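Worksheet for the structure shown next.
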Amino acid sequence: MDFKKVLTAFLIVFVSLDIFLGTQWLRQYPFNDRRTTEEQIIDEMHDDGITYRTLSKNRTTGSYIAGKDGRNILSAHQTQLNHNWKSKMVGDTLKVTMPTPVKLHYPSKNDVHALNDFIKKEDQVINGTQYKLSTKLSEIAQKNNKSANKLYVYVKKVGNEKRTFITKRAQIVFEVTPNHEIKGYEQSYISDTQYLRDDVQLISEEQALISLYQYNDLSNNSQITLSQLGYDEMTTVGKDIIFVPTWQFLVSNNKQKATIVTVNAINGAIMK
């Protein structure tokens, strides 16, 4: 056997293999990769099986807000509610039950329209005109609801903004039977809200989800089914509750039930 011929053939095969592997690597990781950092991370998320709907890149503005626990206001106005109903304060939440359920005089598809009218009446809901329906929070509540009744979540509006509170400290949760009757509701309230500083630019929905991924708060094969931007509780200073604009995501996977994760929309930090 000619050793030189064998060595030459080996070198040819080795060099050919190097060229082939190098070509494949360049196709996958070209030197002229013009993707932005965000695009590269989004591609990595896709490779990890993380799914989501189309993400918005739009950036709006927002600011820190201070407010006070509204339990005293709810307690002080209990007597204005229908005297046939039962109501009591449990912590900062007013719980109202109707011994005889209140019939909604609309067909099923218009339950929401009936509730929109219901909250406007002072003998039925305290400061109800300050709240609006959150379809996303209603959907989240319904996912964890084991009864046949439907849950509708109304959230308190923030001043003249289109944005709302998304904290449980400022919600009304109605329970409606399949027969379109209200069995009761729970209400929490935030009062004396004020802005603490001028508006700043917030991160986009896409940037918020990227933050979750970079902080390892998204496991492989996660599904992001809902997202929303609103004011959530950050901390308490004395008697004031400080709220911050946040991106909230509903994340689920095959191993555990859906959970809500929240990102500070001002600095991108994960809120625990």
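Structure notes:
- Residue check, Lys95 basic (Lys, Arg), under 26 Å from the mean Cα position of the chain (by Cα) and in a strand (DSSP E or B): yes
- Qualifying residue in region 77-92 (condition: open to solvent by less than 40 Å² (accessible area, probe 1.4 Å) and part of a strand (DSSP E or B)): no
Listed here are the residues, each with its yes/no results for (1) of a type in the set (Asp, Glu); (2) at pLDDT 95 or above; (3) surrounded by fewer than 18 Cβ atoms within 10 Å (Cβ to Cβ); (4) within 26 Å of the chain's Cα centre (by Cα).
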| position | (1), (2), (3), (4) |
| --- | --- |
| Pro101 | no, no, yes, no |
| Leu104 | no, no, no, no |
| Pro107 | no, no, yes, no |
| Asn110 | no, no, yes, yes |
| Val125 | no, yes, no, yes |
| Ser138 | no, no, no, yes |
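- Taken over region 140-162, the residue count meeting the criterion of being open to solvent by 40 Å² or more (accessible area, probe 1.4 Å) and either of a type outside the set (S, T, N, Q) or in a loop (DSSP other than H, G, I, E, B) (or both) is 11.
- Residue count for region 215-225 under the criterion of being at pLDDT below 90 and aliphatic (A, V, I, L, M): the result is 1.
- Residues satisfying the stated conditions in region 180-192, i.e. surrounded by fewer than 19 Cβ atoms within 10 Å (Cβ to Cβ) and under 23 Å from the mean Cα position of the chain (by Cα): Glu186, Ser191
- Of the residues contained in region 239-246, one or more are found to be among the acidic types (Asp, Glu), touching a strand residue (DSSP E or B) at 6+ places or on another chain (Cβ under 6 Å), over 16 Å from Ile42 (Cβ atoms) and open to solvent by 40 Å² or more (accessible area, probe 1.4 Å).
- Test: residue in region 163-179 that is open to solvent by 60 Å² or more (accessible area, probe 1.4 Å) and on the phi > 0 side of the Ramachandran plot: no
- Some residue of region 54-74 being within 19 Å of Asn149 (Cβ to Cβ) and either basic (Lys, Arg) or at pLDDT 95 or above (or both): no
- Residues satisfying the criterion are absent from region 111-125 (criterion: among the charged types (D, E, K, R), within 21 Å of Ser227 (Cβ to Cβ) and in contact with a Lys or Arg (Cβ under 9 Å, 6 or more places away or on another chain)).
The values are calculated or read from the model by the stated rules, or taken from the named source; none is laboratory data. As the structure is a computational prediction, the values presented were derived from the model and not from experiment. Ideal geometry is used to build each Cβ from the backbone, glycine not excepted, and the neighbour counts take in all protein chains shown. The protein model used for the area step is the full one, side chains on, heavy atoms only, and it has no ligands, DNA or RNA in it. Shrake-Rupley method; radii C 1.70, N 1.55, O 1.52, S 1.80 Å.
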